[in-house]
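Please treat every number below as a calculation from the coordinates, not as lab data. Quantities reported herein were computed from a predicted structural model and do not represent experimental measurements. Please note: Cβ atoms are built from the backbone with ideal geometry, for glycine as well, and neighbour counts cover all protein chains shown.
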Amino acid sequence: MKSDSPPNSAKTFHVKSFGCQMNVYDGERMAEMLGAEGYVAAADGADADLVVLNTCHIREKAAEKVYSDIGRLKRADGSRPTIAVAGCVAQAEGAEIARRAPTVDVVVGPQAYHRLPDLLARAARGEKAVDLDMPAASKFGALPKRGAGQRPTAFLTVQEGCDKFCTYCVVPYTRGAEISRPFADLIAEARALVAGGAREITLLGQNVNAWDGEDAKGRAIGLDGLIRELAREDGLERIRYTTSHPNDMTDGLIAAHGEVDKLMPFLHLPVQAGSDRILAAMNRSHSSESYLRVIERVRAVRPDIAISGDFIVGFPGESEADFQATLDLIHQTGYAMAYSFKYSRRPGTPAATMDDQISEEVMNDRLQRLQALLNEQQQAFNEASVGSTTRLLLERKGKLDGQLIGKTPWLQSAHVIAPGLAIGDMINVRIVSAGANSVAAAALTEEVA
Ligand code: SAM
Ligand code: SF4
C-alpha cells in the first residue's frame with residue numbers, strides 16, 4: 001500500500017546519494033529540480049512522500065545495498081513513499097530492479113534524471129516508469145538554473161563518462177562515453193554558485209582532466225584553461241578538481257598548479273596498483289614510472305602539494321610481488337590521504353572473467369597492510385603541518401559548543417573553536433595538533449599568507 005498522497009501532489013521528498021562526488025552533485029540537481037516542481041525537502045527522510053535512492057554500482061557491496069534500502073522504506077503502518085531508483089545501479093540493472101523490488105515506481109539512469117518529473121507523473125498513473133536513455137549532454141540544459149542558498153563549497157560537474165575502459169570498471173557502461181560540458185555553461189553555473197554563496201568550487205568528472213572545450217574567443221582549451229578563467233571570478237576563492245587520470249595530466253594543468261593561486265595544492269591522482277604487469281592487465285595505459293614522473297613534475301612547480309590516490313588490491317593475478325610493488329610506489333609517492341578498495345568483480349567487465357581471481361582472505365590481508373601504510377603516511381602528513389599557519393574555509397558545525405569545521409588548502413579537515421564566526425567564513429589559523437583524519441586549529445587575529 002502506498003502513502004495516501006499521489007506523487008504529483010506529494011509535498012515532501014528526500015534524495016539519498018551514495019558513492020562518488022558526481023552522485024552527490026546529481027543528487028543536488030535532482031533536489032533543485034524537485035524543488036522547482038513544488039516539492040519540499042522532507043525534514044526527516046523517513047516520512048518523505050518521495051524517496052530518490054541515487055545509487056552507486058562501482059563495487060558489488062554498494063550495488064547490493066540499494067535492495068536493503070528499498071526494503072527499509074516500508075513503514076510500520078504498511079505504507080511506503082513513492083520510490084525512485086536513480087544513478088548507476090539504475091543504469092546497469094534497469095527494469096530488473098522493478099522486477100526484483102516491485103515497490104520501486106521509477107528507475108532513471110544518470111543521464112536521464114532531468115526527466116524525473118515526467119517519470120513521477122507516469123508512476124502516479126500506475127506505470128512502472130523506466131528511463132535509461134543516454135542523450136548526449138542534454139540533461140544539463142533541461143535542469144533548473146542554480147541559485148541562492150549554496151553551501152560555501154560546491155560541486156560543479158564539468159565532464160562525464162569515460163572512454164578508458166579499465167578492465168575492472170563499470171563507469172564506461174553506466175555513465176557512457178566521455179563528454180565535456182560547454183565552457184559558457186560552466187562559467188554561468190559557476191557564477192550562479194558564487195552568487196548563491198559558494199566560495200570554493202570543486203570541478204568534477206570521472207576523468208575531469210580530460211575536459212576540453214572552447215573559450216569565449218573560440219580558442220581550444222583544456223581543464224587548465226577553464227581553471228584559469230574561473231580564477232578570474234570575484235568571490236570565488238578556491239578551486240579544486242577531481243578525479244584525474246595520470247595520462248591526462250597535461251603540461252598546462254601541471255603548470256597551473258604553480259601559477260594559479262586559487263587552485264588549491266591538492267591532487268587526487270588514482271594509480272590503482274604499483275606493478276606494471278597488473279597496470280597492463282587493468283588497461284590503465286600508464287606505468288608506475290610514468291605516474292611517479294607526473295607526481296615529480298607537479299611537485300617541482302608546487303612543492304607543498306598534497307597527493308591523494310585510489311588503490312585496488314587483489315586484482316586477478318596479483319601476486320605478493322605485485323602487491324609489494326604497490327607498497328613501494330606508496331613509499332615513493334608519500335600520500336596525504338588515499339582511498340583503497342578490495343577488487344570487486346563486476347559483471348560485464350573484462351576482469352570479471354579473468355583467471356586467477358584472488359581469495360577474500362588474501363585481499364583482506366593485503367588491504368589491511370596497504371591501509372596501515374596509508375594511515376601512517378596520512379598521520380605523518382598531518383603532523384608535519386603542526387605549527388604552520390594557514391587559512392580555513394569553515395564548512396559546518398562541529399560537535400562541541402562554538403566549534404566549527406573547515407578545510408585547509410590541502411583538504412585536511414580542521415576543527416576550531418571559533419565563537420562569533422560562521423559557516424562560510426574564511427579565517428586565519430595555526431594548526432596546533434594532528435590526528436589521523438583531522439587536525440586541530442587555533443584562530444589567529446593576524447593575517448597569514
Ligand atoms: N576515473 C578515475 C580513475 O581513473 O582512477 C576513477 C573513478 S572510479 C569511479 C573510483 C575508484 O573506484 C577507482 O579509482 C577505483 O579505485 C575504484 N574502483 C573502480 N572499479 C572497481 C572495482 N571493480 N573494484 C574495486 N574498486 C574499484
Ligand atoms: Fe573507471 Fe578507468 Fe574510466 Fe577511471 S579511467 S572511470 S577507473 S574506466
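Please give the calculated 222 nm ellipticity per residue for the chain, where each DSSP H segment of at least 4 residues contributes -39500 (n - 2.57) and the sum is spread over every residue; nearest 500 deg cm²/dmol?
-10000 deg cm²/dmol
Could you tell me which of rounded, prolate or oblate describes the range 7-135, using a ≥ b ≥ c as the square roots of the eigenvalues of the alpha-carbon gyration tensor, with rounded for a/c under 1.5 and, failing that, prolate when a/b is larger than b/c and oblate otherwise?
rounded
Using only alpha carbons, build the gyration tensor for the range 284-323 and give me the equivalent ellipsoid semi-axes, biggest first, whole Å.
For the range 284-323, the semi-axes come out at 26, 11, 8 Å.
Between Leu444 and Gln379, what FRET efficiency follows from the Cβ-Cβ distance if R0 is 22 Å, with the result rounded to 0.05?
So the FRET efficiency works out to roughly 0.35.
Can you list residues whose amide H is under 5 Å from Ser340's amide H, if they're 5+ apart or on another chain and H is modeled 1.01 Å from N?
Those qualifying (amide H under 5 Å, at least 5 residues apart or on another chain) are Phe311.
To the nearest 20 debye, what is the magnitude of the charge dipole of the range 295-449 about its Cα centre, counting +1 on the Cβ of each Lys and Arg and -1 on the Cβ of each Asp and Glu?
Magnitude of the dipole: close to 600 debye.
When all C-alpha to C-alpha distances in the range 244-307 are sorted into bins of 10 Å, what percent of pairs does each bin hold, rounded to whole numbers?
Reading upward from the zero bin: 22, 52, 22, 5.
To check you understand DSSP bridge types, tell me what percent of the beta bridges within the chain (both residues inside) are antiparallel, rounded to 5. All intermediate terms of the calculation are to be shown ahead of the outcome.
Numbers: 24 of 68 bridges.
If we restrict to bridges inside the chain, about 35 percent are antiparallel.
With the calculation restricted to Cα positions, what are the radius of gyration and Dmax of the range 169-312 in angstrom?
Using the Cα atoms of the range 169-312, the pair Rg, Dmax is 15.8, 49 Å.
Starting from the amide H of Leu263, placed 1.01 Å from N in the peptide plane, find each other amide H under 5 Å away whose residue is 5 or more places distant or on another chain.
Ile239
Taking 2.2 N^0.38 Å as the expected size of a compact globular protein, what ratio does the Cα radius of gyration of the range 121-209 give against it, to two decimals? Write out the running numbers ahead of the final one.
Details: Rg = 15.9 Å, N = 89, 2.2 N^0.38 = 12.1 Å.
That ratio works out to 1.31.
If contacts are Cα pairs under 8 angstrom and at least 6 residues apart, what is the relative contact order of the range 192-278 in percent?
This gives 31 percent for the range 192-278.
Tabulate in residue order the Karplus-calculated ³J(HN,Hα) for the range 338-350, using 6.51 cos²θ - 1.76 cosθ + 1.60 with θ = phi - 60°, rounded to whole Hz; enter x for Gly and Pro.
Residue by residue, the range 338-350 yields 6, 10, 9, 9, 7, 4, 10, 6, 10, x, x, 8, x Hz.
Taking the Cα atoms of the chain alone, what are Rg (to one decimal) and Dmax (as a whole number) in Å?
Considering the chain through its Cα atoms, Rg and Dmax are 22.5, 63 Å.
Calculate the dipole size of the range 225-273 relative to its Cα centre from +1 charges on Lys and Arg beta carbons and -1 charges on Asp and Glu beta carbons; express the result in debye to the nearest 20.
Computed about the Cα centre, the dipole is about 140 debye.
I'd like to know which of Gly235, Ala300, Pro270 lies farthest towards the positive end of the charge dipole of the range 229-372, counting +1 on Cβ of Lys and Arg and -1 on Cβ of Asp and Glu.
Of the listed residues, the answer is Gly235.
Using the Kirkwood radius built from alpha carbon pairs, what does the Stokes-Einstein equation give as D for the range 278-377 at 4 °C and 1.567 mPa s, in µm² per second?
Working: Rh = 14.5 Å.
In µm²/s, the coefficient is 89.
With the dipole of the range 295-449 worked out from charges on the C-beta (+1 for Lys and Arg, -1 for Asp and Glu) around the Cα centre, which of Asn364, Ala414, Ala338 lies farthest toward the positive end?
It is Ala414.
Can you tally the net charge around Ala442? Count Lys and Arg as +1, Asp and Glu as -1, for every other residue whose Cβ sits under 14 Å from the Cβ of Ala442. Walk me through the numbers on the way to the answer.
Values: positive: Arg391, Arg430; negative: Glu446.
Here the count lands on +1.
Using +1 at the C-beta of Lys and Arg and -1 at the C-beta of Asp and Glu, which of Gly149, Gly38, Ile58 has the Cα lying farthest in the positive direction of the dipole of the range 1-157?
Highest projection toward the positive end goes to Ile58.
In square nanometres, what is the average projected area of the Cα convex hull of the range 60-99?
Averaged projected area of the range 60-99's Cα convex hull equals 3.1 nm².
Evaluate the relative contact order of the range 150-244 (contact order divided by residue number), counting alpha-carbon pairs under 8 angstrom at least 6 apart; express in whole percent.
34
In the neighborhood of Ala414, defined by Cβ-to-Cβ distances under 15 Å, what is the net charge if each Lys or Arg adds +1 and each Asp or Glu adds -1?
Result for the local shell: +3.
If the only charges are +1 at each Lys and Arg Cβ and -1 at each Asp and Glu Cβ, what is the size of the charge dipole of the chain around the Cα centre, to the nearest 20 debye?
900
Sum up the charges of everything whose Cβ sits under 12 Å from the Cβ of Arg99, counting Lys and Arg as +1 and Asp and Glu as -1, but leave Arg99 out.
Spelling it out: positives minus negatives among the neighbours equals 0.
Percent relative contact order of the range 347-449, based on C-alpha pairs within less than 8 angstrom and at least six residues apart?
Taking the mean separation of contacting Cα pairs over the length of the range 347-449, I get 25 percent.
Give the cysteines in the chain for which no other Cys Cβ lies under 4.7 Å away, or write none if there are none.
Here Cys20, Cys56, Cys88, Cys162 come out as lacking a disulfide-compatible partner, given the Cβ-Cβ threshold of under 4.7 Å.
Amide H neighbours of Val130 under 5 Å, counting only residues 5+ apart in sequence or on other chains, H built in-plane at 1.01 Å?
Under 5 Å from the amide H of Val130: Val107.
Which ³J(HN,Hα) values, rounded to whole Hz and listed in residue order, are derived for the range 238-255 from phi using the Karplus coefficients 6.51, -1.76 and 1.60 in 6.51 cos²θ - 1.76 cosθ + 1.60 with θ = phi - 60°, glycine and proline given as x?
9, 10, 10, 8, 6, 10, 9, 9, x, 6, 9, 7, 6, 4, x, 5, 4, 4
Compute the whole-percent fraction of alpha carbon pairs in the range 401-446 spaced more than 16 Å apart.
Tail of P(r) above 16 Å: 28 percent of Cα pairs.
Could you run the Karplus curve 6.51 cos²θ - 1.76 cosθ + 1.60 with θ = phi - 60° over the range 24-37 and give me ³J(HN,Hα) per residue in whole Hz, x for Gly and Pro?
4, 4, 4, x, 5, 5, 5, 4, 4, 5, 5, x, 5, 8
Per q in 0.23, 0.24, 0.26, 0.29 1/Å, what log10 I(q)/I(0) does a Debye calculation on the alpha-carbon atoms of the range 377-435 return?
Log-scaled intensity ratios, in q order: -0.89, -0.96, -1.09, -1.26.
Considering only DSSP beta bridges where both residues belong to the range 290-449, give the percentage that are antiparallel (nearest 5).
The antiparallel fraction comes to roughly 65 percent.
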